[in-house]
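Right, one structure below, let's go through it.
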Amino acid sequence: MRPATGGAATIYLVSKGQVTPVWTATRTAGTPIGDNVDGQDQTVLAATPDGKTLYVADTEMGWVTPISTATNVAGPRITTGAWPYAIAVTPDGSTAYVVSSEAGTVTPISTATGVPGRPIRIVGGSGGAGFPRNLGGGAGAGGHGPALLATGVLPVRWPAP
């Protein structure tokens, strides 16, 4: 059960097989979210802009699990590829992009359906077929793997002024 927070933040802590909500207003930890999130190494988190869904990647298992922040219930796992090391959600919240460093791919996931799209192949690096594992700056990945940031489209002027 989620306590009333009066607009204060809820933070989520991840540790091998568990995601634990912590309500800052009451300074209390909730029940760890397990079952469908169980795996070996959850270290990557991203939330939709509206804060309704948290995406947790399990880097060793190769999947992402959506969690409803209203109920703290995990949804079905979404397979993304080997070593998902970064997640970013578009500003409109419609798509989550997951970088899988060992697979050398970026997988788009529809946040409305939870269905992954066709992976985008990225060339380069020494981490298996894809990226070097210690590129630094991975989103929550402890400095391992590539970093990813989804932003809106920016106009480009050419030639540059």
| Hey, fewest Cβ within 10 Å first, where do 80, 65 land in order? | 65, 80
| For 69, 105, 26, 31, what's the fewest-to-most ordering of other Cβ within 10 Å of each Cβ? | 31, 26, 69, 105
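Could you list 122, 33, 87, 78 in order of exposure, starting from the residue whose Cβ has the fewest other Cβ atoms within 10 Å? Write out the running numbers ahead of the final one.
On the way: 122 17, 33 24, 87 27, 78 20.
Sorted ascending by nearby Cβ count, the order is 122, 78, 33, 87.
Rounded, prolate or oblate: pick one for the stretch 56-112, where a ≥ b ≥ c are the square roots of the eigenvalues of its C-alpha gyration tensor, a/c under 1.5 means rounded, and failing that, prolate if a/b is larger than b/c, else oblate. Present the calculation step by step, with values, prior to reporting the outcome.
Values: a/c = 2.40, a/b = 1.34, b/c = 1.79.
Verdict is oblate for the stretch 56-112.
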| remark: Between residue 13 and residue 120, Cβ-based FRET efficiency (R0 22 Å, step 0.05) works out to 0.10
| said: As an exercise, find the ratio Rg/Rh for the stretch 10-121 from alpha-carbon atoms, using the Kirkwood inverse-distance average for Rh. | reply: 0.96
| field | residue 90 versus residue 71: modelled label distance in nm, points set 7 Å from Cα along the beta carbon direction | value | 2.6 nm
| said: Given points 7 Å out from each Cα along the Cα-Cβ axis, report the residue 26 to residue 113 separation in nanometres with one decimal. | reply: 3.8 nm
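Bear in mind that the values in this text are calculations on the coordinates, not laboratory data. Computed from a predicted model, the values in this text were never measured in an experiment. All Cβ positions, even for glycine, are placed from backbone atoms using ideal geometry, and neighbour counts span all protein chains on display.
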